[in-house]
Each structure stands twice: as C-alpha cells, then as structure tokens.
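The values are calculated or read from the model by the stated rules, or taken from the named source; none is laboratory data. Here the structure is a predicted model, which is why all the values come from computation and not from measurement. For neighbour counting, all protein chains shown are included, and Cβ atoms are generated from backbone atoms with ideal geometry for every residue, glycine included.
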Amino acid sequence: MEFLYSGLLSITWQQWVMYGVGLLLIYLAIEKDFEPSLLLPMGFGAILVNLPYSGVLTQKLAGLNEDATGIIEWLYKVGIDASEALPILLFIGIGAMIDFGPLLSNPKMFLFGAAAQFGIFFTIVLAVLFGFDLNDAVSIGVIGTADGPTSILVSRILNSQYMGAIAVAAYSYMALVPIVQPFAIKLVTTKKERTIHMEYNPKSVTKTARILFPIIVTFIAGLIAPTSVALVGFLMFGNLLRECGVLNSLSETAQTTLANLITLLLGITVSFSMRAEYFVTYKTLLIMVLGLVAFVFDTIGGVLFAKILNLFLKKDNKINPMVGAAGISAFPMSARVVQKMGLKEDPTNHLLMHAISANVSGQIASVIAGGAVIKIVSEILQKMA
C-alpha cells in the first residue's frame, strides 16, 4: 500500500490532465466513432506514457547497469524517429484503397486538389506571427491537409516538438469533416450556387492507363519535389498493387490487415510525444485552433477556386463550388459530405462522382504539398544556419 500511495503522490497535475485527454480520446473513439482505429490507441497510449515511472518508457532501474528499454519509446525511435516507417507504410494501404478511375476520366479535377491546399500556407504565416518557429509553423499548417500520416511525417522530419498535439488535431479534424466542412462551405456559397447541376459522363479508362498512372505520378513528383517521393511513391505503389490485376490477394491485405495493423501501431507509438511535460502547454490549445483554421481555409480555398473558374465557363458547364471543398485529403468522407449537401439542396443533384474525383486528387496533392514544404523549409533553415 505504501508503494501505491507514493505512486499517487508522484503524479503531477499535468499528468492528471493527460489522463483526462486520454479518456476523452477513448470516449470519442468508442461513443462518437471518431477515427476509432487511431484515437483509441492514442488515448490509451497517452495514459500509459504518463504513469509514474512507466515501463513503456526507457528508464534506468536500480541495480542495472543498462537502461531498461520501454516498448512505446522503442517503437517511436524505430518506427518514426529513425525512418518514418510507420506513416510511410500506411500509405501502401491507403493507395490500395483508392480508385483513381473517376479522376482519370475527368482530369480537370486535378486542379481542385491543388487549390484545396491554400489553408496550409495561410496557416503557416499565421503560426509564425503567433511566435512558432518555422519548422513548427509548417508542421501545424499541414494539419489542413486532413491527412494524419502526412501531418505526422512532416512534423517528424522537420523535428517539431509538437508532434503529439499535431497528430491529435489532424485525426480529430479528419473525424469532424461532416461537421466542419458544411459550415465552411456555407460561409462562401449561396443556395443558388449549391444547386448547380453537373452532368457526369465518364470516359472509359483503360487498364494500361490505370497501371501507368501511379508510375508516371511518382516520376513527376520525384522531379518536382524529391522529398515527396517516399510519400507519393508508397501511395502509388499501393495503387499499383490494386490496378495490376495479378496481386489481388496482396492488394486486399494492404487495404485491410496492413492498414489496420499499421494504424493501430501508429496511434500507440505517437502517444510517446504526448508526455505531459511536452503536451500540457497553452501552445497545444493554440495548435488545435490553428489546425482548425488550416482545415477551414483549405475547404474555402477549394470552393473559391471553383467559383473563380465559373467566371470563365459557359452556363451549361459550370461547376458546383461545393465540389471544390472535396479537394482535401479526407477520403472519402469529404466527397460524401458534398454529395449529402447537394441532395439536401436539391434531391436530384448528384455530385458524388465529381466530388470523388476532387477527393482523390486531394490525396495526391496533400502528399506532394507535404514533400514540397519539407524541401522549402529545409533549404531556408540551412541558409539561416
């Protein structure tokens, strides 16, 4: 009993706060179904790493000459710190899930993936003005991609000290897409614009085109933003597994078993950066707010881009601005939100396939944007050194 009593007395108020954060994440995962495969292990991991003298962290034990290695700290050092292996491997599963057919049959939707990254750069500037270092500001801005693995990867490569808060924000806002996006879309659109009909006449996409697409995208991305090759390459490798037609069992494994297992390990591993001394600061709250700003302005950027295009398009070819909002990386949640909003405004207005095209382009654009900002910031920091 004395050992238990001394353990309770050694708990700091910051650790009690983290127990609350952990329980909140577990609640959101179970009761609200908010990204349960990631928020649940993150929440439980947040409790584990904040227990006094926790065995999941490396520590020196009395009577031992060597440190006792903690499993979560080891997973972090091997799976994220040393190689970024966990978030990168997850992209194989994501790529295997994506059908780029709707995008290939309607290539102009590529533009919306690029336009919906506006919030990243707006938030980077905002974060710098709030006093964050450039590497931290960029990591915060990438929350706007609504792409958890990319956010984790960028924050790790740029050595951001706020990776835990960034991961929580990124995955929380991914789960809140059905709540946040309708609000942002309605801010900058009229009812008339939301009822614009778009005909869907898809062109047939050959198997050859589907196979060549991931190879060509990887090659081009490697030339434009070499630091994005790991992200884009593994995403496209997963898609090649899907489209090649001879590795169906591996494709299904990548979509299910691999993706689920890596997500589980990634969630509990990221909790290493949720230790109380690093997480319980006012800047964590600021990061949550800035992450929301990035997400909202990414959505608004895509919508406004569609409205600008409409100024130059004929009446019969106009684009429903809501489709631009689907240019973020939250696939397929964002496309479903646009479809639901379109049907609510007009029960005959089906926008799903157009939104899916923009949504999968956002997957590509987000990882290229992540690689691009890593390259730009690395060069800036090198010149400043």
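Structure notes:
- Filtered residues of region 24-50 (kept if more than 18 Å from ALA169 (Cβ to Cβ) and surrounded by fewer than 19 Cβ atoms within 10 Å (Cβ to Cβ)): ILE30, GLU31, ASP33, PHE44
- Members of region 198-216 found to be surrounded by 14 or more Cβ atoms within 10 Å (Cβ to Cβ) and either of a type in the set (Gly, Ala, Ser) or over 30 Å from the mean Cα position of the chain (by Cα) (or both), listed by number: ALA209
- Matching residues in region 302-312 - criterion: being under 14 Å from PHE112 (Cβ atoms) and part of a loop (DSSP other than H, G, I, E, B): none
- In region 28-58, the residues that are of a type in the set (Gly, Ala, Ser) and either within 18 Å of ALA330 (Cα to Cα) or part of a helix (DSSP H, G or I) (or both): ALA29, SER37, GLY43, GLY45, ALA46
- For VAL246: the one exception among (1) surrounded by 16 or more Cβ atoms within 10 Å (Cβ to Cβ); (2) modelled with pLDDT of 90 or more: (1)
- Residue in region 4-13 that is part of a helix (DSSP H, G or I) and modelled with pLDDT of 90 or more present: no
- Selection of region 70-84 for residues being buried (at least 20 other Cβ atoms within 10 Å of the Cβ), among the hydrophobic types (A, V, I, L, M, F, W, C) and within 16 Å of ASN159 (Cβ to Cβ) yields only ILE80.
- Members of region 311-340 found to be aromatic (Phe, Trp, Tyr) and without any contact (Cβ under 8 Å) to a residue 40 or more places away in the chain, listed by number: PHE312
- Filter pass, LEU104 being closer than 19 Å to LEU235 by Cβ, at pLDDT 85 or above and touching a Phe, Trp or Tyr at 6+ places or on another chain (Cβ under 8 Å): yes
- Those helices (runs of 4 or more DSSP H) of region 202-301 in which at least 2 residues are under 20 Å from ILE140 (Cβ atoms), considering only elements entirely within it, cover 259-270, 276-279.
- Positions within region 313-322 being part of a helix (DSSP H, G or I) and touching a Ser or Thr at 6+ places or on another chain (Cβ under 8 Å), in sequence order: MET322
- THR281 vs. criteria more than 21 Å from PHE122 (Cβ to Cβ) and of a type in the set (S, T, N, Q): yes
- Here the condition is being surrounded by fewer than 20 Cβ atoms within 10 Å (Cβ to Cβ) and in contact with a Phe, Trp or Tyr (Cβ under 9 Å, 6 or more places away or on another chain); of HIS354, HIS350, it holds for HIS350 alone.
- Any hit, region 325-345, residues being of a type in the set (Asp, Glu), in contact with a helix residue (DSSP H, G or I) (Cβ under 8 Å, 6 or more places away or on another chain) and either assigned to a loop (DSSP other than H, G, I, E, B) or modelled with pLDDT of 90 or more (or both): no
- Scanning region 89-109 for residues that are surrounded by fewer than 20 Cβ atoms within 10 Å (Cβ to Cβ) and within 21 Å of PRO149 (Cα to Cα), we see that the one that is nearest to the chain's Cα centre (by Cα) is MET97.
- Residue in region 176-189 that is crowded, with 21+ Cβ neighbours inside 10 Å and over 12 Å from ALA325 (Cα atoms) present: no
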